[in-house]
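Below you'll find the structure, written out as structure tokens, and then a few comments.
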Amino acid sequence: MEKLALLARLEAKPGKEQQLADFLKNALPLAVAEPGTIRWYALQIGPSTFGIFDTFADEAGRDAHLNGDIPKALTAHADELLAVPPVIEKIDLLAVK
């Protein structure tokens, strides 16, 4: 059961919105390959604001994701794509349907 989550907010540099959207779409296979990640969503919140929301059964799954390929790839492209560092929040899920 999903008990934990992460919410990452990403702000694209001006003119890099589509590149960030494409990066997030292309990250899906990496998320699928993570056994501890139950659900993974890439989302667009506003014209230049994007996010990732993912859920986990336990802290081990969440930690594995935080140390996995998606954060590494995002870090490698952060200077090119992001206006500010990502804001990553650890979340405890209270109810899930």
Exercise for review: Run the numbers on the chain and let me know its relative contact order in percent, using alpha-carbon pairs under 8 Å that are six or more apart.
Suggested key: 48 percent
Review point. About its Cα centre, what dipole magnitude does the chain give when the only charges are +1 on Lys and Arg Cβ and -1 on Asp and Glu Cβ, stated in debye to the nearest 20?
Key: 200 debye
**Study point:** Packing rank of 87-96, 25-34, where each peptide gets the mean count of other beta carbons within 10 Å, highest leading
**Key:** 25-34, 87-96
Study note, to complete from the structure: Hull volume per residue for the chain, using the convex hull of the C-alpha atoms, in Å³ is 91 Å³
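No value in this document is a laboratory result; all are computed from the given coordinates. Please read these numbers as outputs of a predicted model, since none were measured by experiment. For neighbour counting, all protein chains shown are included, and Cβ atoms are generated from backbone atoms with ideal geometry for every residue, glycine included.
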